[in-house]
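Here is the structure we will look at.
Read-outs throughout are calculated quantities, based only on the coordinates presented, and are distinct from any laboratory measurement. Keep in mind the model is a prediction, meaning the values are calculated, not measured. Here the Cβ is made from the backbone with ideal geometry for all residues, glycine too, and neighbour counts use every protein chain on show.
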Amino acid sequence: MNGKEFIKAVELVEKEKGIDREIIFEAMENALMAAYKRNTGIQNSKVLIDKNSGDIKVYSYLTVVEDEKENDPESDGIDLDTEISLTEARKVNPTLNVGDTIDTEITPKDFGRVATSTAKQVLIQKIREAERNSILNELGDKQDELLIGTVELEDRDNYYINLGRSNGILPKKECIPGEKIEMGSQIKVYVSKVDSNSKGLLILLSRTHYGFIKRLFELEIPEVTDGNVLVYSVARDAGNRSKVAVYSENSRIDPIGSCIGEKGTRIANILKELHGEKIDIVKYDKDPQVFIENSLAPAKNLKVLIMDSKKQEALVIADGENYSLAIGKKGMNAKLASRLTKYKIDIKNTKDAESLGITFRDE
């Protein structure tokens with residue numbers, strides 16, 4: 001790569017990758033200067049590149065210092081290898097002042113070979129940096145978002161999802177239990193983490209995160225997309241059951257009906273994506289007693305008592321079939337309701353509550 005080829009390469013990189021040519025020249029000069037100093041041991045040297053022709057030259061330089069330094073007992077005097085007194089410097093060039101330098105070209109005959117190798121390394125490095133920054137600008141703000149990618153690779157622990165300009169990692173433990181993921185298939189994924197480091201951009205994906213459910217609602221339910229129906233909270237036991245609390249500030253809109261759709265058509269698309277995972281859509285209410293009762297669906301006829309509003313503790317009294325429905329299989333219905341409402345929920349039947357001295361009177 002001669003000088004003209006280098007300039008053309010710089011112009012091409014600037015145009016296609018959007019890298020400022022000044023950044024490339026500066027990086028090239030610094031890299032060549034470091035290589036020259038390392039090989040020769042000459043520290044007071046610098047490399048300059050002609051930005052029009054691409055010619056590269058190496059210079060040694062002497063820094064102009066005060067005359068007094070030569071006779072200053074508190075200093076080590078003038079270092080003749082790197083410095084020159086003002087008087088001596090002005091014999092060479094009368095316009096020089098303290099701090100200026102006198103440059104002498106010392107370009108080695110074989111420096112073109114070193115320059116060619118270094119130029120390629122610098123260009124590759126800058127291209128990689130530019131691509132990493134570009135991808136970061138494109139995907140760096142996608143955390144907590146839903147993306148669609150292609151399943152490209154698989155190893156023992158992960159799937160690697162092609163997101164267009166970068167790959168994301170979908171750990172197998174973040175897949176919905178029981179789902180089958182095929183190579184080359186399109187897949188919806190939730191971005192749980194985006195991290196940029198020296199090795200590149202790390203994009204962690206999930207299909208078990210509760211945020212995945214929320215983003216699916218935003219994608220599939222028009223009223224959620226346009227903000228007429230709001231998702232208050234989501235609680236999830238991936239592969240088994242999720243609870244989604246929704247509400248609307250427009251009294252004419254039925255938030256639950258909007259999410260289900262006519263004959264369940266809207267929620268059907270979400271259920272299909274979740275491979276049979278059940279979803280309870282409940283209505284959020286500002287009154288925690290009402291909200292807790294709603295959250296424990298399909299149980300009905302519940303009595304809710306807020307025991308400590310600061311600690312967010314509640315007692316729920318349920319009898320008969322509603323007692324077992326409120327608790328759910330392995331206690332999961334109660335656990336999901338607790339996550340959904342952010343309340344610690346204790347469920348008892350009337351007899352057990354009364355034995356503890358707890359009574360609940362209907363208003």
Discussion item. Quick check: from the Cα gyration tensor, does the stretch 3-138 come out rounded (a/c under 1.5), prolate or oblate?
Written reply: prolate
Fill in: Within the chain, helix-based [θ] at 222 nm, where runs of 4 or more DSSP H residues each add -39,500 (n - 2.57), nearest 500
-11000 deg cm²/dmol
Worksheet item: With the Cα gyration tensor of the stretch 296-363 giving a ≥ b ≥ c as the square roots of its eigenvalues, does the rule (a/c under 1.5 for rounded; else a/b larger than b/c for prolate; else oblate) give rounded, prolate or oblate?
Response: oblate
Worksheet item: Using modelled amide H (1.01 Å from N, peptide plane; none on Pro or chain starts), what sits under 5 Å from the amide H of ASP319, excluding residues fewer than 5 places away?
Response: none
Item to complete: Work out how much length ASN93 to LYS188 would gain on full extension: take 0.36 nm times their residue separation and subtract the Cα-Cα distance, in nm to one decimal.
Response: 27.1 nm
Worksheet entry | Kirkwood Rh and Cα Rg combined as Rg over Rh, evaluated for the stretch 88-242 | 1.34
Worksheet entry | Relative frequency of Cα-Cα separations exceeding 24 Å in the chain, percent | 72
Practice prompt. Could you pull out every residue, at least 5 positions away or on a different chain, whose amide H is within less than 5 Å of the one on TYR232? Hs are placed 1.01 Å off N in the peptide plane, and Pro or chain starts have none.
Written response: ALA245, VAL246, TYR247
Worksheet item: So how far apart, in nm, are the two label points at LYS311 and ASN39 if each is 7 Å from Cα heading toward Cβ?
Response: 7.5
Practice prompt. Mind running the shape call on the stretch 1-61? Use the C-alpha gyration tensor, a ≥ b ≥ c as the square roots of the eigenvalues: rounded below 1.5 for a/c, prolate if a/b tops b/c, oblate otherwise.
Written response: prolate
Practice prompt. Provide the per-residue ³J(HN,Hα) series for the stretch 182-194, in order, calculated from phi with Karplus coefficients 6.51, -1.76, 1.60 and θ = phi - 60°, each as a whole number of Hz, with x at glycine and proline positions.
Written response: 9, 4, x, 7, 7, 9, 8, 9, 9, 7, 8, 7, 10
Worksheet entry | Within straight-line cross-link reach of LYS300, aspartates and glutamates at Cα separation under 12 Å, skipping those fewer than 8 residues along the same chain | ASP319, GLU321
Worksheet item: Scanning the chain for helices, which whole DSSP H stretches are 24 Å or more long along the axis (Cα) and average -0.5 or more by Kyte-Doolittle?
Response: 21-40, 111-139
Fill in: Long-range amide H partners of ILE347 with built H, under 5 Å
VAL316
Worksheet item: Roughly how big is the chain's charge dipole about its Cα centre, with Cβ charges of +1 (Lys, Arg) and -1 (Asp, Glu), in debye to the nearest 20?
Response: 2300
Fill in: Gain upon complete extension [THR225, LYS4; 0.36 nm per residue less C-alpha separation]
74.1 nm
Item to complete: Set the Förster distance to 51 Å, then compute FRET efficiency between ASP144 and GLU66 from the Cβ-Cβ distance, nearest 0.05.
Response: 0.25
